[in-house]
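Presented below is the structure to which this report refers.
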Amino acid sequence: MRVDAWLWAVRVYKTRSAATTACRAGHVRVGGEKAKAAQAIRVGDELRVRIAGFDRILIVRQLITKRVGAPLAAIAAEDRTPVREPVAQVAVRDRGAGRPTKRERRDIDKLRGRDLED
C-alpha cells in the first residue's frame, strides 16, 4: 500500500495530493527515514508526519485503500503522539490603542521569556 494513499484514507490529510506533497517535502518518515509518496507500508510500521510544525506519530494497524469514516480511520491508525502543552493565550490589543499598560507590558515580557523579577 502506498504511504500517501494510506495517509489520505485515514484522514491525516484532506486530499491525496496534499499527502503526496507532504511526502515530497520530507514531512513524512517511515521508520525514521524520509518516505517517497509511492513507498510501500505494512502493518506495524511507524510513521512520523509533520503537520503545522508538530510531529504526529502513527502506527499502521490496518491497511485501507478507500477513504473511510472517522471511527474506522481511528481503528486503522494508532496515534502515539505525545500530549502537547497548552499554548498561553495572549490578549489582543486594538490597533491604535496606545502604549501598553504596566501590567500588559509585564505580561508581554513574561511571554517572551524576559522575566525581570529574578
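Taken together, the values in this text are just the output of simple stated rules run on the coordinates, not laboratory data. What you see is a predicted model, and the numbers here were worked out from it, not measured in a lab. Cβ sites come from the backbone with ideal geometry, for glycine too, and all protein chains shown count toward neighbours.
The table below gives the values:
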quantity: Max mean-square fluctuation residue, GNM over the chain, Cα-Cα springs under 10 Å, options A52, A25, A38; calculated: A52
quantity: Most mobile of I51, I64, I108 in a GNM of the chain (Cα contacts under 10 Å); calculated: I108
quantity: Net +/- balance of residues flanking A5 in space, Cβ distance below 12 Å, scoring K and R +1, D and E -1; calculated: +3
quantity: Volume in Å³ per residue [convex hull over Cα atoms, computed for the range 1-110]; calculated: 155 Å³
quantity: Rh by Kirkwood over Cα pairs, then Stokes-Einstein D for the range 1-58 at 1.567 mPa s and 4 °C, µm²/s; calculated: 119 µm²/s
quantity: Whole-Hz ³J(HN,Hα) from phi, Karplus 6.51 cos²θ - 1.76 cosθ + 1.60, for the range 34-50, glycine and proline x; calculated: 4, 10, 7, 4, 8, 5, 7, 10, 10, 4, x, 5, 9, 10, 10, 10, 8
